[in-house]
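To start, the structure under review is shown below, and the notes come after it.
The values are calculated or read from the model by the stated rules, or taken from the named source; none is laboratory data. Because the structure is predicted, anything quoted here is derived from the model rather than measured. Neighbour counts are summed over all protein chains in view; Cβ atoms, including those assigned to glycine, are modelled from backbone coordinates with ideal geometry.
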Amino acid sequence: MKKAKQPRARPRPPAGRRASRARWAPVVLLILAVAAVVWLKPRSEATGADALAVVTPIAPVATHAVPRLVDVGADACVPCKLMAPILEELRQEYAGRLDVVFIDVWKNPGAGRAYGVYSIPTQIFYDAAGRELFRHPGFISKEEILEAWKKLGVDLQAPAGEGQP
């Protein structure tokens, strides 16, 4: 009777070598994960032409201490386009009592980061001392803006004798 041929088994590495590989696997995976995060993370320091785009938030001028409404948006954004006439109306109607500023983050990408804005449009309400009081992301009507100022305790009405005959 012939013996059946048994398939040749590969020699197994010594137990110490297997254990060594098992110890290094998590380390290698961790290094790869860190490398992927570093590679995929956006660069925070500006270089070249982007360095010109880094903007610091606009602070109210001390000699013109009035509340300020900063609208962070873009000229090509549909809700931002709808906000434009409202902002212009507020700018004209409340001249001298309210600063209204529009910042286009598509033309100036650093401004969005400087203001901490992640969706546009975003309206930021500042008191006369330059402290942020409130933020509103998305479209907001003129009536809602005026109501927000009222709730924040900011009186935008003309002082007695101003603008009246």
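In table form, for the structure just shown:
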| quantity | calculated |
| --- | --- |
| Output for the stretch 84-124, where each listed residue is surrounded by fewer than 20 Cβ atoms within 10 Å (Cβ to Cβ) and among the charged types (D, E, K, R) | E88, E89, R91, E93, R97, D104, K107, R113 |
| Criterion (within 27 Å of K142 (Cα to Cα), modelled with pLDDT of 90 or more, part of a loop (DSSP other than H, G, I, E, B) and not acidic (D, E)) met by exactly one of V66, V70 | V66 |
| Pair list, Cβ under 8 Å, 6 or more apart: the stretch 138-165 residue within 27 Å of K81 (Cα to Cα), other residue at pLDDT 95 or above and polar (S, T, N, Q) | G138/T122; I140/Q123; I145/Q123 |
| Considering residues of the stretch 106-125 that are at pLDDT 95 or above and out of contact with any Cys (no Cβ under 8 Å at 6 or more places or on another chain) only, the residue nearest to V154 (Cα to Cα) | F125 |
| Hits in the stretch 64-83 - residues which are surrounded by 19 or more Cβ atoms within 10 Å (Cβ to Cβ) and farther than 25 Å from Q157 by Cβ | V72, G73, A74, C80 |
| The stretch 98-125 residues that are free of Cβ contacts under 8 Å to residues at least 24 places away in the same chain and on the phi > 0 side of the Ramachandran plot, paired with ones that are of a type outside the set (S, T, Y) and assigned to a loop (DSSP other than H, G, I, E, B) (beta carbon under 9 Å, 6 or more apart) | G116/P57 |
